[in-house]
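Scroll down for the structure; my scribbles are underneath it.
Every number in this text was worked out from the coordinates using simple rules, so none of it is lab data. Keep in mind that this is a model prediction, so the values were computed, not measured. Please note: Cβ atoms are built from the backbone with ideal geometry, for glycine as well, and neighbour counts cover all protein chains shown.
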């Protein structure tokens with residue numbers, strides 16, 4: 001177990017990629033804090049993590065709100081006294097073309113997807129700096145590289161995560177903390193399913209060189225690698241896990 | 001059944017670290033290098049740790065040599081599951097107007113053509129197997145360039161483009177092709193050129209405050225040869241302490 005006794009916070013950990021990552025970390029021995037707006041689903045993930053033999057806590061969190069992230073940090077540090085791994089997965093993807101996009105839609109997407117990264121890193125980095133050790137892993141998206149129709153706000157927020165992570169990596173490097181991003185392609189989760197028909201979804205999911213329908217669990221290997229000591233010399237990188245759809 | 005890995009440039013530096021790492025996972029390693037003695041030493045080190053390895057002498061720029069080595073590995077083991085192309089080096093550090101054509105060719109052939117020749121032989125084998133992993137070695141200079149290293153930067157950038165194309169060709173056969181791009185790494189060859197002042201200057205540029213160790217790169221190769229990276233192909237993984245963030 002590579003991550004025994006580590007403390008990991010996973011935002012957006014109640015479902016999809018976040019849930020898969022939280023449980024993957026738990027299977028490697030990490031204690032998990034599941035931060036999500038969906039309190040009931042977060043509690044279900046906590047039960048699964050505990051069944052894997054680790055300690056776990058659910059904290060209802062809106063990552064776009066300072067007071068909510070402050071509460072997340074307080075509850076986490078009261079329970080565990082430190083954080084070793086922060087997984088920024090919380091995100092939303094409503095659809096709108098730029099010409100019709102309401103300002104509040106833009107603000108919401110940027111505040112949750114990118115602002116949430118900032119608020120959570122700001123809250124947890126001091127704990128990592130105090131011990132000169134830590135891992136920040138943010139889930140960006142292949143759309144950061146390609147863009148998407150009706151997704152300019154999403155693309156901006158995910159591309160912004162990559163720039164943010166690079167700057168953060170430079171700030172935290174001297175303290176031995178690494179910061180990286182993972183860019184998945186489309187994955188079979190509720191978020192992309194929300195605006196597609198079943199046939200559209202299947203066609204879209206299979207449209208990659210490896211002909212594989214990506215599942216949330218397919219990202220866990222890369223997360224575990226980046227969270228482990230094996231990746232101590234990798235920082236500021238955007239790692240594309242996408243069956244070859246985008247090759248940077 | 002143990003996997004079989006063919007590691008070019010496997011005798012020294014990063015290649016040696018990769019050979020040792022893969023062998024520690026129970027993989028049988030064919031160490032292919034033009035430095036026979038060091039290849040034998042690496043194999044002896046692997047065996048002393050309970051692993052299984054044998055050495056092969058090869059000039060990666062000669063198609064006949066490459067064919068012979070691959071054929072010998074197939075004759076012994078029947079397959080190749082992992083090909084790690086690590087043979088290479090910057091060799092000549094000269095301004096472009098001072099470079100001869102033969103010096104240009106030497107660097108490009110050792111780094112890029114050697115990668116092509118081994119991939120060509122391994123690809124048809126892996127296609128028959130319907131499985132395989134290829135990990136090629138680029139460099140941060142393949143992305144940023146480096147003064148006095150035009151052929152090396154070109155070759156390493158070429159490896160990235162080549163690997164993307166190969167990844168697309170081999171994806172339908174379940175074969176993954178990725179690249180590791182090291183930053184400055186403490187190999188014997190590199191360390192022979194460091195002065196204390198140069199090293200300190202370099203370390204100050206690196207966010208993590210140190211140059212790389214061969215084992216940092218070995219871990220990246222391990223990851224790209226493992227199930228953890230089962231859905232990554234055509235990608236370049238930069239292992240450089242944050243020196244370069246493409």
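Averaged over peptide A:222-235, the number of partner chain Cβ atoms lying within 10 Å of each residue's Cβ comes to 6.
How high is the FRET efficiency between residue B:76 and residue B:49 when r is their beta carbon distance and R₀ equals 25 Å, given to the nearest 0.05? With a Förster radius of 25 Å, E is 0.75. With the simple model of a label 7 Å out from the Cα in the direction of the Cβ, residue A:1 to residue B:227 spans 1.9 nm. When peptides B:161-171, A:106-116, A:172-182 are ranked by their average number of other Cβ atoms within 10 Å per residue, the highest-first order is A:172-182, A:106-116, B:161-171.
Computed log10 I(q)/I(0) for the protein assembly as shown at 0.06, 0.10 Å⁻¹: -0.28, -0.77, from the Debye equation with unit scatterers placed on every C-alpha and solvent omitted.
With the convex hull drawn over the C-alpha atoms of chain B, the volume per residue is 124 Å³.
Counting only other chain Cβ atoms within 10 Å of each residue's Cβ, the peptide A:29-40 averages 0. Between residue B:194 and residue A:51, the simple spin-label model (points 7 angstrom out along Cα→Cβ) gives 5.0 nm.
Note on region A:7-240: Kirkwood radius taken over Cα pairs, Stokes-Einstein applied at 25 °C and 0.890 mPa s, translational D equal to 139 µm² s⁻¹. Please report the spacing between the Cα centers of region A:85-129 and region A:150-176 in Å, no decimals. For region A:85-129 versus region A:150-176, the Cα centre distance is 11 Å. The label point for residue A:122 and the one for residue A:149, both projected 7 Å from the Cα toward the Cβ, are 3.8 nm apart. The spacing between region A:1-78 and region B:202-246, judged by their C-alpha centroids, is 27 Å. Relative to the longest principal Cα axis of chain A, at what angle does helix A:16-27 sit, 0 to 90 degrees, rounded to 10? Around 30 degrees separate the two axes. Peptides B:234-244, B:97-107, ordered by how many other C-beta atoms sit within 10 Å of their residues on average, highest first, read B:234-244, B:97-107. Extension gain for residue B:105-residue B:37 works out to 21.9 nm (0.36 nm per residue, less the C-alpha to C-alpha distance).
Computed from the C-beta positions of residue B:173 and residue A:40 and an R0 of 60 Å, the FRET efficiency is 0.85 to the nearest 0.05.
Each principal axis of the Cα atoms in region A:43-118 has its own extent, and those three values, largest first, are 50, 23, 18 angstrom.
Against chain B, whose longest principal axis is taken from its Cα atoms, helix B:150-170 shows a tilt of about 30°. Short-range pairs are left out: with C-alpha atoms under 8 Å and at least six residues apart, the relative contact order of chain B is 19 percent. The C-alpha atoms of chain A define a longest principal axis, and helix A:116-130 lies at about 20 degrees to it.
Within 10 Å of the Cβ of each residue in B:176-185, the mean number of Cβ atoms contributed by other protein chains is 1. Annotation: peptides A:91-98, B:190-197, ranked by per-residue average of other Cβ atoms within 10 Å with the highest first, follow the order A:91-98, B:190-197.
For chain B, modelled as a GNM whose springs connect Cα atoms under 10 angstrom apart, the maximal fluctuation among B:159, B:134, B:206 occurs at B:206.
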